[in-house]
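I have placed the structure first, in the form of structure tokens, so that the comments after it can refer back to it.
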Amino acid sequence: MKHESFNESTEMYLKTISELADRDQGPVPISALAERMGVSNVSATEMVHRLDKQGFLEHTPYKGVSLTPHGRRRATEIIRSHHMWECFLAEQLGLPWEQVHDYACRLEHATDTAVTEALYERLGRPQRCPHGNPIPDAHGVTARTDDRSLAGMMPGQQGIISRVSPESTLLLDYLAARNLRPGRPLLYEERAPFNGPLIVVCGSERHALGEEIAAHIFVTLEE
């Protein structure tokens, strides 16, 4: 069952911290959290102190925040619900790949655990969301991925796009317009001079991608 003491804002903070921690492998700076949430550093700091007192995270001054086991468990429950709704909206309702993230963000906060698990069974126990991200299991365990962000690849390397993470509606719209999505082959051709964009080939199309976008695209490299 959902906890009555939780509200949408609290859940979004826990979910966002989890996503940023998975990406950066360390304490999440409050400035990065505030930027992702679209709030001021002051607002983010106030919420961090509140969640710290409630035992959901630990705040290390000048370094950032990390989820406690309790906070991590709650975050993965939200993420599991989110991905299950993405799967349902894409597979059962046929909604566009780039739109289901936004709808799932609204539904995840009003979903009891029983509904999440019913969706899991009805959908055939999916392991990944439409954007390629592994879905935490019912115990909060997320499978490890064997891929690399495009930003961490070297020119000449190629593989298959595995996932987009962290997801955002703006990013997904951008990628969908260029047909850059999981399952498609991608070649990192070169980087433009003077720290310019990454030039990639996907299918028969060439694209110039900034490093910030490249950091969200993960690729399973060819042997």
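Each value in this text was obtained by applying a stated rule to the coordinates, not by laboratory testing. Given the structure is predicted, the values throughout are model-derived calculations rather than measurements. Neighbour counts are summed over all protein chains in view; Cβ atoms, including those assigned to glycine, are modelled from backbone coordinates with ideal geometry.
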Could you go through region 145-152 in sequence order and give the Karplus-derived ³J(HN,Hα) for each residue, using 6.51 cos²θ - 1.76 cosθ + 1.60 with θ = phi - 60°, rounded to whole Hz, and x for Gly and Pro? 10, 10, 9, 9, 5, 4, 5, x
Ranking of His139, His83 by count of other Cβ atoms within 10 Å, fewest first: His139, His83
Each residue of region 194-200 in turn: what ³J(HN,Hα) in whole Hz from Karplus with 6.51, -1.76, 1.60 and θ = phi - 60°, glycine and Pro shown as x? 6, 6, x, x, 7, 9, 10
Distances longer than 19 Å among the Cα atoms of region 148-221: what percent of all pairs is that? 21 percent
With the 8 Å Cα cutoff and a minimum separation of six or more residues, the chain has a relative contact order in percent of 16 percent
Take the alpha carbon atoms of region 8-71, find their radius of gyration, then divide it by 2.2 N^0.38 Å using N residues; give the quotient. 0.95
Rh (Kirkwood; distinct C-alpha pairs) - region 21-115, Å: 14.8 Å
Between Ser204, Ser66, Ser165, find the one with the highest GNM mean-square fluctuation for the chain; connect C-alpha pairs within less than 10 Å. Ser204
In degrees from 0 to 90, rounded to the nearest 10, what is the angle of the helix 8-24 Cα long axis to the longest principal axis of the chain? 40 degrees
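Using the crude model of +1 on Lys and Arg Cβ and -1 on Asp and Glu Cβ, and no other charge, please compute the dipole size for region 148-221 relative to its Cα centre, in debye to 20.
Numbers: 7 positive and 7 negative charges, 41 e Å.
Dipole size: approximately 200 debye.
Would you order Phe194, Phe56 from fewest to most other beta-carbon atoms within 10 Å of each residue's own beta-carbon?
Numbers: Phe194 5, Phe56 24.
Placing the least packed residue first, the sequence is Phe194, Phe56.
Could you line up Met154, Met47, Met37 from fewest to most neighbouring Cβ atoms inside 10 Å? Walk me through the numbers on the way to the answer.
Details: Met154 9, Met47 21, Met37 16.
Least crowded to most crowded, the residues run Met154, Met37, Met47.
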Which residues in region 205-223 have a backbone N closer than 16 Å to a point placed 7 Å from the Cα of Arg184 along the Cα-to-Cβ line? 205-210, 213-220
Between region 54-71 and region 111-181, how many Å separate their Cα centres? 25 Å
Neighbour-limited loop hits for trypsin sites (Lys or Arg not before Pro), region 20-117 (at most 15 other Cβ within 10 Å; DSSP other than H, G, I, E, B): Lys63
Distance between modelled label sites at Arg191 and Met154, nm, 7 Å Cα→Cβ extension: 1.2 nm
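Take the alpha carbon atoms of the chain, find their radius of gyration, then divide it by 2.2 N^0.38 Å using N residues; give the quotient. Walk me through the numbers on the way to the answer.
Values: Rg = 18.0 Å, N = 223, 2.2 N^0.38 = 17.2 Å.
Normalised Cα radius of gyration, the chain: 1.05.
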